[in-house]
Amino acid sequence: MLERIPILKMGAYLLVTIQVDMHDQLALTLQDDLTDRIVKTRAKGVLIDISSLELVDSFMGRMLGNIAAMSHILDAETVVVGMRPAVAITLVELGLSLKGVKTALNVEKGMSLLEDRVRGRVDGNGRFER
Amino acid sequence: MAVLNDETLPLRSNEDVVRARQAARKCAIGLGFSLVEQTKIVTAASELARNTVIHGGGGTLVIESLNHDDRRGLRLKFEDQGPGIANIDQALRDGYTTGNGLGLGLGGSKRLANEFEIQSEPGKGTRVVFTRWRG
């Protein structure tokens, strides 16, 4: 069986909710699928909901960083939302700070971050342009 | 110190890495570890199991429930018969990698442990023991 994490298109955005205990190949497939869909749909933003993930290890952290970097080059912004507190604590202790990955507490905040960016109100670093 | 229970799992594939962390989670919950402690154990299990599969060419994981003076602990023993680690200090250093990872797996897992041991002999294999006691 070919396992895949579904990517939903909503307007100018792509939404991904990771609800399975991810193995490495699944993470790599998602990375490929997402870049493909960004180009095909000309999406302006990608929202990745990880609220169901019970852990993020260095491999998944690297995948999130890669997706953020690749989408940025393809003119789309990535926001990772819903990280559990225990996961955040563990990630930092592991030595991973997810530099370059924009995060928001929940889907709503993540969406408004993406919308602000599409309206041209924020630059690539999340700062408001004047 | 007494071993209350133990379980052996094969580590050969990506799916085995997922099964290893699920088994570690189940054991940590059974021993009454807090959610943050469980997450640390499971994350270390994932890193070290991946190392065994990728760098060790596969091996085994033994998960032990421990009791020491009424204190509960969980031990993860990873063993492979792979190429071994020539320089353990270097392998533990953040950012050092021979694969295409971030080089955080071994050093990061050590930070998530209370006790951490590595024994390795080039050409013979590697044994990593991760122990965490309930806080």
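The values are calculated or read from the model by the stated rules, or taken from the named source; none is laboratory data. This one's a predicted model, so the numbers in the text were calculated from it and none came from an experiment. Backbone-built Cβ (ideal geometry, glycine too); neighbour counts: all protein chains shown.
Check whether at least one residue in the stretch B:56-63 is more than 14 Å from the chain's Cα centre (by Cα) and either touching a residue at least 24 places away in the same chain (Cβ under 8 Å) or within 14 Å of another protein chain (Cβ to nearest Cβ) (or both), and report yes or no. Yes: the stretch B:56-63 contains one or more residues that are more than 14 Å from the chain's Cα centre (by Cα) and either touching a residue at least 24 places away in the same chain (Cβ under 8 Å) or within 14 Å of another protein chain (Cβ to nearest Cβ) (or both).
Determine whether A:Glu54 is surrounded by fewer than 18 Cβ atoms within 10 Å (Cβ to Cβ), in contact with a helix residue (DSSP H, G or I) (Cβ under 6 Å, 6 or more places away or on another chain), within 11 Å of chain B (Cβ to nearest Cβ) and of a type in the set (Asp, Glu). No, not satisfied.
Here the strands (runs of 3 or more DSSP E) wholly within the stretch B:1-85 that include at least 3 residues being under 17 Å from B:Ala113 (Cα atoms) are B:59-68, B:71-80. Out of the residues in the stretch B:86-121 meeting the condition of being in a helix (DSSP H, G or I), in contact with a strand residue (DSSP E or B) (Cβ under 8 Å, 6 or more places away or on another chain) and within 11 Å of chain A (Cβ to nearest Cβ), tell me which one is surrounded by the fewest Cβ atoms within 10 Å (Cβ to Cβ). Across the stretch B:86-121, the extreme among qualifying residues is B:Lys110. For A:Val39, the conditions (1) surrounded by fewer than 21 Cβ atoms within 10 Å (Cβ to Cβ); (2) among the β-branched types (Val, Ile, Thr); (3) within 14 Å of chain B (Cβ to nearest Cβ) all hold with the exception of (3).
Among the residues of the stretch A:7-28, those identified as modelled with pLDDT under 95, within 21 Å of A:Leu53 (Cβ to Cβ) and not hydrophobic (A, V, I, L, M, F, W, C) are A:Gln19, A:Asp21, A:His23, A:Asp24, A:Gln25.
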